[in-house]
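Written below as C-alpha cells is the structure these notes are about.
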Amino acid sequence: MTIFRRVRDLLPKRPRPVRVVTDSTADLPPDLASDLGITVVPLQLIFGEETFRDGVDLSSEEFFRRLERSKELPTTSQPSVGEFQQAYEELAQSTGRILSIHLSSGFSGTIGAAQQGAAALGDRCRIDVIDSGSVSMPLGLAAIAAARAARDGEDLDACEERAHSVLRRERIAVALDTLEYLRRGGRIGRAASFLGSLLRLKPVLTIRDGGAFPLARVRSRKKALQAVVDICLEDGVPEEAVVMHATTPDDARSVADELRRRHPDLVVHTGRFGPVLGVHGGPGMLGLVVVLKEEGSWS
C-alpha cells in the first residue's frame, strides 16, 4: 500500500448525494429532470390494444390530438413493482439514500408499487417513499425542492423536509372546460355531468388531502381563469407559481401575466399537463399552483 493510499483512506469520506425519484404524473420537463438528476418512472397509457409509456412514447401534443379523435377514453396503469425496483437498483450503485415521491394514493396505486420496489432492496439502500397527496406540478415542485437540496449536499431527512415544506405551502386550483372526461372516467356521476353541461358551467377544482374537491362553478371561461388566480392568492404572499395547460397556451400566458401584474417580483413558470392527468381533465384543462412564502419571510 502506498503512502498516498494510506492518506486517502484516512481522509473523511464525502457522503454520496441523495437521489430523487418521482413518477411521470409530476409533469416535469425532461431537461429539468435531467439537470437536477431526478429519475422519472413512467406510468402507462392504454389506447385500445396500444400501450404507451407516459412522457416517453407519447408526447402531450400527440396525446391530446389523439384524445379528441378517440371514441373510447384511454385508460392508465401504474408502474410495476419491478420497474421501481430496477430504478432503485440502478441508483443504489451510486448512492445509499433515495427519496421517492409520488402522486396521491387516492388517485393511483403507484405509491404501493414504489414501496414494494423499495422493500425488495432490503438494507442495501435507505429509500424513503413519500405520498405527496397531490399530482402534476404540485408533486413536481416538491420533487424539484428535494433535488435542489440534494444538489446542495443536504442529507435525506433534510431533502424530505424540503419536499414536505413545499407541499404544505402550495395552493392549487384547476379549471376544467368540460366535465365530460371526468364522467367518462367514472370520477363523477352522470347527474353532475349533465347539470354542468346544461348550464354550461365551468368547474374549478382543487387537490386536497389526496383527492379532488370542487371549489366553484362559474359561467364563462374568463371567470374560471379569474377564479383560479383569486383562489391561489387569497391565503398569503406567493413565492413561486406554475401555470399548467392542456391545449390552451394563450390562456396560460394570460394567467401568468395576471400573476405578474399583481406580484411583479413573482417567479412564474408555465408548463403542460401530461397525458395521465389529461385522460381525466380533458382538453382545455388549466391549472395553477402557487407556493406561498413561509410566514416569517413575508415582507
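No value in this document is a laboratory result; all are computed from the given coordinates. None of these values were measured; they are calculated from a predicted model. Cβ: placed from backbone, ideal geometry, glycine included. Neighbour counts: every protein chain shown.
Quick look at the numbers
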item	result
Mean-position separation - Cα centroids, the range 48-101 and the range 229-299, in angstrom	25 Å
Check: the range 22-166 dipole with +1 on Lys, Arg Cβ and -1 on Asp, Glu Cβ, in debye	120 debye
Rg ratio (alpha-carbon, reference 2.2 N^0.38 Å) - the range 37-171	1.13
Coarse-grained scattering of the range 36-109 at q = 0.27 Å⁻¹, given as base-10 log I(q)/I(0) from a Debye sum over alpha-carbon atoms	-1.33
5 Å-binned pair-distance histogram of the chain (Cα, whole percent)	1, 5, 11, 15, 17, 16, 13, 9, 6, 3, 2, 1, 1, 1, 0, 0, 0
Cα gyration tensor of the range 170-297 - equivalent ellipsoid semi-axes, whole Å, descending	26, 15, 13
The range 34-114: trypsin sites (Lys or Arg not before Pro) falling in loop per DSSP and having at most 16 other Cβ within 10 Å	K71
Protection proxy ranking, peptides 255-265, 160-170, average beta carbon neighbours within 10 Å, highest first	160-170, 255-265
